[in-house]
Amino acid sequence: MVLITVRLPRGATLDMALRELRLKKEEVDVAYGVVAIDPDHGLYGLRVSAMAAHRLTATPEAMDGPWADPKIEPMGPPRKDR
Amino acid sequence: MRVLVQLRPAPDVVAAVADPAVTATAADVVNGLPGVLLDPTFTPVAVPRPLPARTGGDPLSLNQPLIFSMAPRDASVLVRGEIADDELSTRLALLPGRAGVVGVYADPVIQTSLTCGGDGPVGDWRDVRRLLAVDRLHAEGYDGSGVALAVTDTGVNERHVAAALGSGFVLDRERSWSPDGVVGRPGEFDVDHGTMCAFDALLAAPKASVIDIPVLLSRRPGGSALDGLLSDAMAAFAHLRTVLDAQPAESRALVVTNSWGSFSPDWDFPPGHPGNYSDNPAHPFNLIVGSLAAAGADILFAAGNCGRECPDGRCAYPDRPITGANSHPAVLSVAGVDVTGERVGYSSQGPGRLADRKPDLAAYTHFAGSGAFGPGEPDSGTSAACPVAAGVVAAIRSRVPSTILSPSDLRTLLMRSADDRGVLGYDYDYGYGVVNVPGIVEALRARAGETRTAEGRPWLAV
């Protein structure tokens, strides 16, 4: 799954995103859902399969990404090993 | 430039300097040196003369067996002084040979070795409370009451925190949130890093309501550069936006402490790639951070543990290790100092990747505190410094909601009132300095005198 962003109306739901982007449920991380990044400006994030992301890049106005989704870790205690 | 001047005065003067029963002064040794401002507070020191141990040895060589003579005819005396930087080369050329001057040497600033990972605790949480002037904070009504304090970490163990603090606290189960798949209930997670963060934040703000966000417990399948967990932090911040929006405007106060980050460029697209996180303000996580701050949340991030002196072994950025949201212009990026006020050697130095002037300020770490990592183990890393600073912010918010003083204005007040360390003014080790509670309280008072609410009342008195 890869992270993408899309523009949707305020209060958008996963079903709305699926319709707008013409995605099937199995192509989306349903548990992750649609995350409001900047609801005032209609910016949302979701995680989709790499195939779906590739297909969506053919219509760049529909989405932005894929975005890096790096591993994050606690900043402590400081370790000497890797 | 500060210098040490080696002199060879008369033998009786040398004998007096070497005599522990006599306290000599620079004026006893030399009647002034041209261009040198002698330090009257520095007691002159007798220096033995190295002599060849064997008859016929080279009198100038130190690479042979030596004896060291403190006999008055052999020994010399050191005094301390200062030469103006713009006269340095002239004075250094002219001084030797005059008024018994043997040599002039640099007197560089020396430092104790910095605290590093693996070192024992330096001080304890009571020292931190004292340094944060917590009694004064609370006496002024800054105790975290009514403030939502989100700890985005490995989850909080309420029982352990309460036992370590010696008092209960409010764990806000209703507004807590977990990523999908995380097992466990708010306040009941294993004692770990998040428990330390909650304890450290409550030192200054014991009446804050802790919102437990165990985002670092999320485990999503994958393994490529695109499968990770920052997306879970993004979902957590979206949840916190709903928390913030639900608060009444007149008491809006949400503080978010983040003691985590991304250690390696291997998990990211390279800088310049449109999907990059570390250097890219357009990355959606960086956007949501900016959006939440603009809506009124105070967001703090640990600067990181990649300081040059003793970096964490996980640090993989070759330079500028304060990356992504940890260097966001709309957050307070927190460096670490021990309770002596010295920067800990692992605290990451700026400049930051999203904003140049990172870290913003420093707070206390590496002290005996929560005991979350076992008896005798310190609360360490900029991981501890960040919630310590977040507690101060939460304490302030109990009287000053973000609708009265924006997060940006509060950051400015914190930075302006910080106790300057390192070089004069801003530096990449300490930022603007160490968080200074009396300074911020005075700054808030001054600002309250200037600012009134819409109803015309001084805002701090509402």
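The values are calculated or read from the model by the stated rules, or taken from the named source; none is laboratory data. Note that the structure is predicted; figures quoted are calculated from it, not measured. When the accessible area is computed, the model is the full protein with side chains, heavy atoms only, and any ligands, DNA or RNA have been set aside. Shrake-Rupley method; radii C 1.70, N 1.55, O 1.52, S 1.80 Å.
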Handout entry: Alpha-carbon Debye profile of the protein assembly as shown, log10 I(q)/I(0) at 0.05, 0.10, 0.13 Å⁻¹
Key = -0.29, -0.82, -1.17
Exercise for the section: Could you work out how far helix B:284-294 tilts from the main Cα principal axis of chain B, as a 0 to 90 degree angle to the nearest 10? Expected result: 90
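May I ask you to give the average projected area over all directions of the convex hull of the Cα atoms of region B:137-245, in nm² rounded to one decimal?
On the way: hull surface 30.0 nm².
Approximately 7.5 nm², given one-decimal rounding.
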Handout entry: Bins of 10 Å from zero: percent of alpha-carbon pairs in chain A
Key = 17, 48, 18, 11, 6
Practice task
Can you sort A:E73, B:E158 by 1.4 Å-probe accessible area, starting with the largest?
Solution key: B:E158, A:E73
Practice task
Take the Cα atoms of region B:1-82, build their convex hull, and give its volume per residue in Å³.
Solution key: 109
Problem - Fraction in percent of alpha-carbon pairs per bin - 10 Å, chain B - result: 4, 18, 24, 18, 11, 11, 9, 4, 0, 0
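Before anything else, pin down the relative contact order of region B:125-461: Cα pairs under 8 Å, at least 6 apart, normalised by residue count, whole percent.
On the way: 819 pairs, mean separation 65.5, N = 337.
It rounds to 19 percent for region B:125-461.
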Handout entry: P(r) of region B:367-448 over all Cα-Cα pairs, binned every 10 Å from zero, in whole percent
Key = 17, 41, 29, 12, 1
